[in-house]
Amino acid sequence: MDKLNKNDYKKYVDKKVPKPTYLRNMIMAFLVGGTFCTIGQIITNILKSNGLDKDMAAAGTSISMVFIGALLTGLGLYDKIGKVGGAGAAIPITGFANSIVAPAMEYKREGFIFGVAAKMFTVAGPVLVYGIGSSVIIGLITLLLR
Amino acid sequence: MEYIKAFIVGGLICIIGQIILDNTKFTPAHLLLTFLLSGVVLGALGLYQPLVDFAGAGASIPISGFGNSLAKGAIKGANEKALIGAFTGGIEATGAGVAAIILFGYTMAVIFNPKTKD
Amino acid sequence: MALKKLGAQTTKLENPPSVVSYYSIVGPKEGEGPLKDYFDLILEDDLWGQDSWEKAESKIQEECIKLAIDKGGLSSEGIDYLIAGDLINQITPSSYSARQLAIPYYGVFGACSTMTQSLSIGAMLIDGGFADNIACAVSSHFSTAERQFRFPLEYGNQRKMSAQWTVTGAGATIISSFGNGPYIKHITTGKIIDPGITDAANMGSAMAPAAIDTLICHFQDTGLAPSYYDLILSGDLGYVGKDIVIDLMKKKGYDLSKNYTDCGVEIFDKSEQDTHAGGSGCACSATVYNSYVFKEMAKGKYTKVLLMSTGALHSTMSTQQGESIPGIAHAVAIENTKE
């Protein structure tokens with residue numbers, strides 16, 4: 001197929017491919033994402049009422065939410081939540097935990113070094129690289145602007 | 001009220017993500033990165049923190065909140081400890097979550113086996 | 001002189017090899033689908049007692065070949081060649097299956113087109129007088145394909161509407177220079193056709209132009225019309241690809257609306273089983289041919305069938321490098337009578 005035909009074909013195919021259920025997906029993303037955030041708020045409030053300051057409570061909440069995401073993945077439930085919730089399951093920090101536990105579990109049979117430990121970061125690796133990398137750049141810019 | 005704010009703001013952030021997922025070729029991995037970096041940029045400009053102050057976990061639980069913490073930490077580090085702080089600030093602020101992810105991630109992988117889908 | 005060559009891409013087999021035995025094994029999900037009564041063996045558990053899915057796939061293929069040989073009343077010593085393939089890197093499931101079988105082995109890769117690829121090569125070897133009995137087999141497994149091509153199983157992603165579901169299972173066909181049919185009459189070997197699709201979650205669209213090219217070539221080379229066949233079956237184009245094939249073939253003057261369907265459409269129940277655009281994988285076409293098609297041919301429901309497995313010959317690396325997906329389709333015409 002030549003270049004022009006390929007473009008025509010792509011447009012033709014786009015019409016043939018069934019469309020996602022946009023509205024339903026958005027509602028489910030809202031409900032699932034909102035639920036995870038509310039659970040986070042509940043944990044924060046419990047930690048605060050036990051005398052933790054703001055920063056400590058935030059750190060404790062992160063740890064707890066990561067644990068919840070990792071446990072749900074281990075139990076084989078997070079993929080089902082993700083299927084229904086889409087971005088509502090991907091964006092909360094529980095989704096970040098899922099992106100680490102899922103490949104780590106999957107590659108256990110390839111060993112604990114090049115399997116579990118190396119594959120843990122297939123999705124999370126880029127997140128940490130760009131996240132931490134950009135934070136350092138922002139730190140350096142802050143210094144320059146001072 | 002606190003809970004309602006967290007639910008609605010967190011849900012709305014996820015709706016933005018769902019719109020991106022359904023209209024692009026993005027995978028959830030692309031989505032995580034996009035939201036993280038948006039959080040870093042908005043955090044550095046001081047635009048994300050007001051949302052966290054308003055909605056609490058609704059803004060801090062989405063991965064963009066993680067990005068905001070990274071940016072905030074780096075700025076704080078740079079202001080307090082100059083060059084070394086610029087390097088350590090981001091990780092210090094988010095260290096708890098990252099350490100938890102590594103420990104729990106590894107533990108769960110050792111305990112559980114993946115199941116096939118049906 | 002290529003005496004048996006017909007037109008541009010077709011081979012007319014002078015002494016048509018006969019299908020003497022066939023066997024199909026499928027996983028639990030396929031065993032709940034619309035074709036469940038046709039499969040020879042339905043697994044209750046897709047690990048089948050193995051400790052990895054790759055090992056399970058290998059066992060599924062190995063047992064399928066053995067059971068096909070048994071069912072035909074043959075022994076593995078009587079098989080001259082085993083031609084087998086699958087989807088996994090370096091086709092290890094096939095090679096590990098062949099490790100147990102002690103049959104001279106050609107490992108072939110044609111992605112999901114492998115079943116008709118191995119049948120084509122096997123039929124030509126028999127017609128050429130190089131062998132009497134050949135086992136052609138393929139396997140695929142949802143869980144091995146998913147982790148190689150897509151995401152880990154426990155990853156919470158949403159499948160795209162155009163995405164297809166890899167069939168877990170294996171199909172094996174024993175073809176022979178003896179036997180009472182059905183017979184392999186024509187083979188049309190496909191060219192690579194790349195329509196420029198880069199989305200690996202939209203394989204039906206990527207492979208449909210290759211299927212169309214091979215079909216038109218088959219009809220031109222043989223002079224036959226689509227209505228000559230009782231059934232024209234493509235491998236794993238799914239709902240999206242099937243729709244495109246019918247539509248674009250019509251524009252070229254071939255009416256496929258009555259006797260054409262796709263194995264990926266038939267193997268799952270779209271509304272009940274949530275498989276989006278249908279089934280895919282080597283075993284998608286192989287399990288349908290080696291159960292439904294050959295069993296219905298034996299009963300006489302179909303007498304002339306055109307089988308055409310379709311393959312998407314990309315890898316995760318080529319996709320990441322931005323390459324588009326090359327498609328291929330090989331057609332094998334099978335008829336109940338020799339003449």
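The values are calculated or read from the model by the stated rules, or taken from the named source; none is laboratory data. Note that the structure is predicted; figures quoted are calculated from it, not measured. For neighbour counting, all protein chains shown are included, and Cβ atoms are generated from backbone atoms with ideal geometry for every residue, glycine included. Protein only, heavy atoms only, side chains kept; ligands, DNA and RNA dropped before computing areas. Shrake-Rupley method; radii C 1.70, N 1.55, O 1.52, S 1.80 Å.
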When the residues of segment A:27-62 are filtered to those that are farther than 22 Å from B:Ile15 by Cβ and touching a Ser or Thr at 6+ places or on another chain (Cβ under 6 Å), which remaining residue is farthest from the other protein chains (Cβ to nearest Cβ)? A:Ala57
All-but-one check, A:Ala87 against (1) among the aliphatic types (A, V, I, L, M); (2) within 7 Å of another protein chain (Cβ to nearest Cβ); (3) over 20 Å from A:Thr38 (Cβ atoms), failing number (3)
(1) modelled with pLDDT of 95 or more; (2) out of contact with any strand residue (DSSP E or B) (no Cβ under 9 Å at 6 or more places or on another chain); (3) surrounded by fewer than 19 Cβ atoms within 10 Å (Cβ to Cβ): which one isn't true of C:Leu3, the others all being true? (1)
Filter result for the condition that a residue is part of a helix (DSSP H, G or I) and either over 19 Å from C:Pro104 (Cα atoms) or open to solvent by 50 Å² or more (accessible area, probe 1.4 Å) (or both), over C:Ala56, C:Ala8: C:Ala56
Here is a list: A:Val101, A:Val116. Which entry is in contact with a helix residue (DSSP H, G or I) (Cβ under 6 Å, 6 or more places away or on another chain), open to solvent by less than 10 Å² (accessible area, probe 1.4 Å) and more than 9 Å from chain C (Cβ to nearest Cβ)? A:Val116
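With segment C:225-339 as the region, which helices (runs of 4 or more DSSP H) entirely inside it contain at least 3 residues that are at pLDDT below 95 and in contact with a helix residue (DSSP H, G or I) (Cβ under 9 Å, 6 or more places away or on another chain)? Don't jump to the end; show me each part of the working.
Numbers: elements: C:238-251, C:263-266, C:270-273, C:282-288, C:294-299, C:316-320.
By residue number, C:270-273.
Tell me which residues, restricted to segment B:36-89, are in a helix (DSSP H, G or I), of a type in the set (A, V, I, L, M), open to solvent by less than 10 Å² (accessible area, probe 1.4 Å) and at the interface with another protein chain (Cβ under 7 Å from one of its Cβ atoms).
From segment B:36-89, those in a helix (DSSP H, G or I) are B:36-44, B:49-55, B:57-60, B:63-89; that's our starting set.
The next check asks that each one be of a type in the set (A, V, I, L, M); those that pass are B:36-37, B:40-42, B:44, B:51-52, B:55, B:57, B:59, B:63, B:70-71, B:74-75, B:78, B:82-84, B:86.
Of the ones still in play, those that are also open to solvent by less than 10 Å² (accessible area, probe 1.4 Å) are B:36, B:40, B:55, B:57, B:59, B:63, B:70-71, B:74, B:78, B:86.
Of everything in segment B:36-89, those that are in a helix (DSSP H, G or I), of a type in the set (A, V, I, L, M), open to solvent by less than 10 Å² (accessible area, probe 1.4 Å) and at the interface with another protein chain (Cβ under 7 Å from one of its Cβ atoms) turn out to be B:Leu36, B:Val40, B:Ala57, B:Ile63, B:Leu70, B:Ala71, B:Ala74, B:Ala78, B:Ala86.
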Quickly run through segment C:263-277 and pick out the residues that are under 14 Å from C:Leu233 (Cα atoms) and within 14 Å of chain A (Cβ to nearest Cβ). C:Val265
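Do we have C:Ser257 as within 22 Å of C:Gly171 (Cβ to Cβ) and of a type outside the set (D, E, K, R) here?
Working: within 22 Å of C:Gly171 (Cβ to Cβ): no; of a type outside the set (D, E, K, R): yes.
Against the criterion (within 22 Å of C:Gly171 (Cβ to Cβ) and of a type outside the set (D, E, K, R)), C:Ser257 does not qualify.
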I want to confirm something. Restricting to segment C:255-275 and keeping residues that are crowded, with 20+ Cβ neighbours inside 10 Å and not charged (D, E, K, R), which single residue is nearest to the chain's Cα centre (by Cα)? C:Cys263
Between C:Thr189, C:Thr168, C:Thr144, which is at pLDDT 95 or above, among the hydroxyl-bearing types (Ser, Thr, Tyr), surrounded by 24 or more Cβ atoms within 10 Å (Cβ to Cβ) and within 15 Å of the chain's Cα centre (by Cα)? C:Thr168
Among the numbered conditions (1) more than 8 Å from every other protein chain (Cβ to nearest Cβ); (2) among the basic types (Lys, Arg); (3) not in a helix (DSSP H, G or I), tell me where A:Arg24 comes up short. (3)
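Every residue, every condition in (1) in the same structural domain as A:Val127 (by TED's automatic domain parsing); (2) over 14 Å from the mean Cα position of the chain (by Cα); (3) under 17 Å from B:Phe66 (Cα atoms), yes or no:
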position: A:Pro18; (1), (2), (3): no, yes, no
position: A:Ile27; (1), (2), (3): no, yes, no
position: A:Phe30; (1), (2), (3): no, yes, no
position: A:Phe36; (1), (2), (3): no, no, yes
position: A:Gly40; (1), (2), (3): no, yes, yes
position: A:Lys54; (1), (2), (3): no, yes, yes
position: A:Gly88; (1), (2), (3): no, no, yes
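Okay, residues lined up against (1) of a type outside the set (Val, Ile, Thr); (2) open to solvent by less than 50 Å² (accessible area, probe 1.4 Å); (3) within 19 Å of the chain's Cα centre (by Cα):
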{"residue": "C:Glu14", "(1), (2), (3)": "yes, no, no"}
{"residue": "C:Pro17", "(1), (2), (3)": "yes, yes, yes"}
{"residue": "C:Leu43", "(1), (2), (3)": "yes, yes, no"}
{"residue": "C:Gln50", "(1), (2), (3)": "yes, no, no"}
{"residue": "C:Ile79", "(1), (2), (3)": "no, yes, no"}
